[in-house]
Amino acid sequence: MELSVVRIGNSRGIRIPSKVLERFNIADKVELIEEGSRLILKAVAPKNVRAGWAKAFKSMAAAGDDKLLIDATLDTGEEWTW
């Protein structure tokens, strides 16, 4: 696929077609790799914000730090009217 290099402020860039972005699951970032006379764009996987949670929860449970801080029920003694 041939793309034009366009001016973006003081820099230059390329526009990646939306179908290519979707196919390679590219959201906000790519990694640029220089390999000889080639430039390679590699999709950067989004960070897994929950990575390590399972291990942390097991550690908390082993230490007894996983107890509820408040009662799990919401019993005010009153009937709710909907």
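All of the numbers you see were taken from the coordinates with simple rules; none came from a lab. These numbers were taken from a predicted model, which means no experiment stands behind them.
Here are the numbers for the structure shown:
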item	result
Distant alpha-carbon pairs in the chain (separation over 16 angstrom), percent	76
GNM top mover of A51, A63, A27 - the chain, alpha-carbon springs below 10 Å	A63
Theoretical gain in end-to-end length, L41 to R12 [0.36 nm per residue, Cα-Cα removed]	8.9 nm
On Cα atoms only, tilt of 53-63 relative to the major axis of the chain in degrees	30
